[in-house]
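Below: one structure, written as structure tokens.
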Amino acid sequence: SRLVRPDGVSEEQAYEAALRPRSLDELIGQERVREQLALVLTAARGRGRTPDHVLLSGPPGLGKTTLAMIIAAELGTSLRLTSGPAIQHAGDLAAILSGINEGDVLFVDEIHRMSRPAEELLYMAMEDFRVDVIVGKGPGATAIPLQIPQFTLVGATTRAGLLPGPLRDRFGFTAQLEYYEAAELHRIVDRSAALLGVHTTPKGGLEIASRSRGTPRIANRLLRRVRDYAEVRGSGVVDLDIAHRALDLYEVDRLGLDRLDRAVLDALCRSFAGGPVGVSTLAVAVGEERETVEEVAEPFLVRQGFLARTPRGRVATPTAWEHLGLRPPKAVTD
Ligand code: ADP
């Protein structure tokens with residue numbers, strides 16, 4: 001899926017674009033966020049104003065980019081996409097902001113990774129729709145205030161807590177996206193299957209949904225892998241048996257844990273006797289960045305009841321030991 005096509009878009013990105021819901025009505029799950037957002041947008045439209053800035057937080061693949069696109073579509077405006085790591089200098093942001101049109105939606109993915117000076121420029125832009133452009137260098141430098149059109153910022157982050165307070169406070173609407181239930185993912189798999197022209201049986205579709213880590217992006221990805229399997233080794237129909245066999249081949253276990261999830265649990269139980277252990281140490285043990293362990297693997301493991309965060313570090317729960325087929329040390333079961 002990393003192969004880049006002649007137009008510079010990876011296969012995965014092309015599928016994601018094709019499968020993205022385009023309106024709030026098409027969106028599946030996240031009922032509360034959907035209802036709240038519909039109100040914010042309708043009210044703003046009624047007043048003829050740009051809506052408040054929106055902060056979306058949650059693990060990767062839950063629909064933050066999709067929601068930003070939907071917000072722009074519902075408002076009938078254009079969307080500009082950028083990301084925190086791409087904005088290293090305040091000037092980068094000033095350039096983006098001075099190029100937007102009245103009412104546009106600016107989407108900043110991974111907004112917590114923006115540089116400090118850019119962040120300060122953003123505060124002013126969010127509040128007063130103004131940026132200071134610095135002209136010249138050293139003692140002779142002057143700040144020239146520049147009015148920019150009113151826009152709606154949609155920021156995305158894995159955890160709202162990663163944002164500095166002053167930035168967080170400037171969002172009028174904040175939504176925390178939660179992992180999806182299997183039934184919701186099943187609807188997403190069915191919708192994607194219909195769009196891709198894949199025939200799935202109800203049990204086959206549910207099997208993919210239940211092993212998707214509560215994440216629509218993973219559900220769509222697994223559907224494509226299972227479809228490959230069905231076409232090459234079966235009759236093309238995604239039924240329960242095909243789904244089982246394909247997902248076992250791709251090492252997605254019955255509870256949807258992927259390789260990283262299992263590596264984290266494995267290290268926690270086998271190398272650190274179930275913890276407590278610090279997340280940095282755990283990350284080194286599995287050869288991953290601390291951020292990836294903390295923001296991708298951990299939230300799912302916590303939610304599934306495999307791992308607990310304690311003041312002294314991460315601890316494996318009895319369920320984790322059981323899932324790995326190991327016997328917990330005495331202290332854990334007591
Ligand atoms: P994020 O920005 O949070 O990483 P995306 O918005 O890129 O996630 O979503 C990943 C993929 O999952 C998209 O291609 C989209 O097709 C699908 N998706 C996300 N949320 C939903 C949803 N609520 N209903 C249907 N499909 C969804």
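Every read-out reported here was derived from the displayed coordinates using simple, explicitly stated rules and does not represent laboratory data. Computed from a predicted structure; not experimentally measured. In this analysis, Cβ positions are derived from the backbone assuming ideal geometry, glycine residues included, and neighbour counts consider all displayed protein chains.
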Quick calc: nm separation of the 7 Å Cα→Cβ label points for residue 292 and residue 135 -> 4.7 nm
Taking R0 as 30 Å and r as the Cβ-Cβ distance between residue 83 and residue 23, the FRET efficiency 1/(1 + (r/R0)^6), rounded to the nearest 0.05, comes to 0.80
The summed charge of the residue 77 Cβ neighbourhood (under 15 Å; Lys/Arg +1, Asp/Glu -1) stands at 0
Convex hull around the C-alpha positions of region 112-193: the volume in Å³ per residue is 155 Å³
Longest principal axis of the chain (C-alpha) makes with the long axis of helix 240-249 (C-alpha) an angle, in degrees to the nearest 10, of 80 degrees
Whole-Å distance linking the alpha carbon centroid of region 173-237 with that of region 122-148 is 47 Å
Stretched fully, the stretch from residue 233 through residue 255 gains (0.36 nm per residue minus C-alpha distance, one decimal, in nm) 5.5 nm
Computed on Cα atoms, the radius of gyration and Dmax of region 37-142 in angstrom are 15.2, 49
Quick shape summary for region 184-334, equivalent ellipsoid via Cα gyration tensor, semi-axes whole Å in descending order, reads 33, 15, 13
Net charge (Lys, Arg +1; Asp, Glu -1) of residues whose beta-carbon lies under 10 Å from that of residue 155, residue 155 excluded, is +1
Placing each pseudo-label 7 Å from Cα in the direction of the beta carbon, residue 322 and residue 143 end up separated by a distance in nanometres of 5.9 nm
For region 33-81, the percent of all C-alpha pairs falling in each 5 Å bin, from 0 up to the bin holding the max distance, is 5, 19, 32, 26, 13, 4, 1
Relative contact order in percent for the chain (Cα pairs under 8 Å, 6+ apart) equals 14 percent
Scoring region 208-305 by relative contact order with C-alpha pairs under 8 Å, at least six apart, yields a percentage of 22 percent
About its Cα centre, region 20-150 carries a charge dipole, from +1 on Lys and Arg Cβ atoms and -1 on Asp and Glu Cβ atoms, whose size in debye to the nearest 20 is 80 debye
Counting only DSSP beta bridges fully inside the chain, the antiparallel percentage to nearest 5 is 40 percent
Taking 0.36 nm per residue of separation between residue 308 and residue 47 and subtracting their Cα-Cα distance, the length gained on full extension comes to 89.4 nm
Expressed in µm² per second, the diffusion coefficient of the chain from the Stokes-Einstein equation, with Rh the Kirkwood radius over alpha carbon pairs, at 20 °C and 1.002 mPa s, is 97 µm²/s
Trypsin sites (Lys or Arg not before Pro) in region 110-151 lying in a DSSP loop, each with at most 15 other Cβ atoms within 10 Å of its Cβ, come to 137
Per residue, the convex hull enclosing the Cα atoms of region 151-263 spans a volume in Å³ of 123 Å³
For residue 32 and residue 73, extending 7 Å from Cα along the Cα-Cβ vector and measuring point to point gives, in nm, a value of 2.5 nm
Amide H neighbours of residue 314 at under 5 Å, excluding residues fewer than 5 places away on the same chain, with H built from the backbone geometry, are 277, 278, 279
